[in-house]
């Protein structure tokens, strides 16, 4: 995990230049896997892991 904290979906979206809706959609459809899902159903993300997942997604779709 990068650093000591996990990002919310909104923070991740801002960090990556995506919309919050896109991040949520990718998670709900299984295209991205969050580092953690809270008991309340909120996603928490490791930004480096998400970058890796996005890179792999692009490579598969190329």
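What follows draws every value from the coordinates through simple rules; no lab data is involved. This is a predicted model, so every value here is computed, not measured. Note that each Cβ is placed from the backbone with ideal geometry, even for glycine, and that neighbours are counted across all protein chains shown.
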Each label sits 7 Å from Cα toward the beta-carbon; between residue 18 and residue 36 the label points are separated, in nm, by 2.0 nm
With Cα coordinates, the longest principal axis of the chain makes an angle with the long axis of helix 47-61, in degrees rounded to 10, of 30 degrees
Summing -39500 (n - 2.57) over every DSSP H run of at least 4 residues in the chain and dividing by its residue count gives a helix-only mean residue ellipticity at 222 nm, to the nearest 500 deg cm²/dmol, of -15500 deg cm²/dmol
Checking rank on 39-45, 54-60, 23-29, with mean other Cβ inside 10 Å and highest first, the result is 23-29, 39-45, 54-60
